[in-house]
1. Name every residue in segment 132-150 that is farther than 18 Å from ARG51 by Cα and either in contact (Cβ under 8 Å) with a residue 40 or more places away in the chain or outside any loop (DSSP other than H, G, I, E, B) (or both), in order of residue number.
2. Could you run through segment 105-151 and say how many residues are within 15 Å of the chain's Cα centre (by Cα) and among the acidic types (Asp, Glu)?
3. Considering only segment 64-80, state which residues are surrounded by fewer than 16 Cβ atoms within 10 Å (Cβ to Cβ) and without any contact (Cβ under 8 Å) to a residue 40 or more places away in the chain.
4. Check whether at least one residue in segment 123-131 is touching a helix residue (DSSP H, G or I) at 6+ places or on another chain (Cβ under 8 Å), assigned to a loop (DSSP other than H, G, I, E, B) and farther than 26 Å from ALA57 by Cβ, and report yes or no.
5. Filtering segment 118-150 down to residues that are under 14 Å from SER89 (Cβ atoms) and hydroxyl-bearing (Ser, Thr, Tyr), which residue is surrounded by the fewest Cβ atoms within 10 Å (Cβ to Cβ)?
6. Among the residues of segment 47-101, count how many are closer than 21 Å to PRO120 by Cα, part of a strand (DSSP E or B) and polar (S, T, N, Q).
7. Name every residue in segment 20-49 that is of a type in the set (Asp, Glu) and modelled with pLDDT of 95 or more, in order of residue number.
8. For segment 151-160, state whether one or more residues are assigned to a loop (DSSP other than H, G, I, E, B) and surrounded by 11 or more Cβ atoms within 10 Å (Cβ to Cβ).
Amino acid sequence: MRTTLTLSILFLVFLTAQSCRDGTPEPTLENRQTEVVAALDALVAELVAERPADAAAYTRRLQAYLDAYPAFYGSAVVLLDEAGTITGSPYVYRIADGYNTIDLGTPSYNIEGQDWFKMPLAANAGIWTAPYYDEGGGEIWMITRSVPARDDKGIFAVVTTDLVVDPPVKE
């Protein structure tokens, strides 16, 4: 299954590169959102099938995911224990010369108060946020797709993908 997923990801990267080379315009936000839904659902399925051993292994998976999807800005996993308590949250996002990784599971970031965390748990499904400025995380205007990851014991993580958006126009 992992080989099939990897080949699928590589094919999508190839198609994206080809479209950029042949003068095709940049994809719209709607097209990028469609790509995120499919890619994030596949990542969540992979994490459910083969859970990484620790936060460092999740971080490596997130970086490989972003390598495969250059239009995505960042990705996080909020790890939950069986009681629903956050045990860590690696976040990998793009910077000029590669990636930066931080742990969002700090009191100052307040994951529990973030819509991108609360909403998929309440809906028990994947959600998109409205545009927001991610202070303490990516430090940009973004929208986030968040999906709960569950196994036979319940939800063990919330997995996200961020897309850069222009700041909202102030009236």
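The values are calculated or read from the model by the stated rules, or taken from the named source; none is laboratory data. Nothing here was measured: the structure is a model prediction, and the numbers come from that model. Every residue, glycine among them, receives a Cβ derived from its backbone with ideal geometry; neighbour counts consider all protein chains shown.
1. Initially, segment 132-150 is screened for residues farther than 18 Å from ARG51 by Cα, giving 132-145.
Passing the criteria: TYR132, TYR133, GLY137, GLY138, ILE140, TRP141, MET142, ILE143, THR144, ARG145.
2. Residues in segment 105-151 being within 15 Å of the chain's Cα centre (by Cα) and among the acidic types (Asp, Glu): 2 in total.
3. ALA64, ASP67
4. Here is the first cut: in segment 123-131, the residues touching a helix residue (DSSP H, G or I) at 6+ places or on another chain (Cβ under 8 Å) are 126-130.
Subsequent filtering for residues that are assigned to a loop (DSSP other than H, G, I, E, B) retains 126, 129-130.
Pick out the ones that are also farther than 26 Å from ALA57 by Cβ and you get 129-130.
Yes, because at least one residue in segment 123-131 is touching a helix residue (DSSP H, G or I) at 6+ places or on another chain (Cβ under 8 Å), assigned to a loop (DSSP other than H, G, I, E, B) and farther than 26 Å from ALA57 by Cβ.
5. Once the filter is applied, the top-ranked residue is SER146.
6. Selection size over segment 47-101: 2.
7. Filtering segment 20-49 down to residues of a type in the set (Asp, Glu) leaves 22, 26, 30, 35, 41, 46.
Across segment 20-49, the qualifying residues are GLU35, ASP41, GLU46.
8. Step one: of segment 151-160, the residues assigned to a loop (DSSP other than H, G, I, E, B) are 152-153.
Then drop every residue that is not surrounded by 11 or more Cβ atoms within 10 Å (Cβ to Cβ), which leaves none.
The answer is no; no qualifying residue exists.
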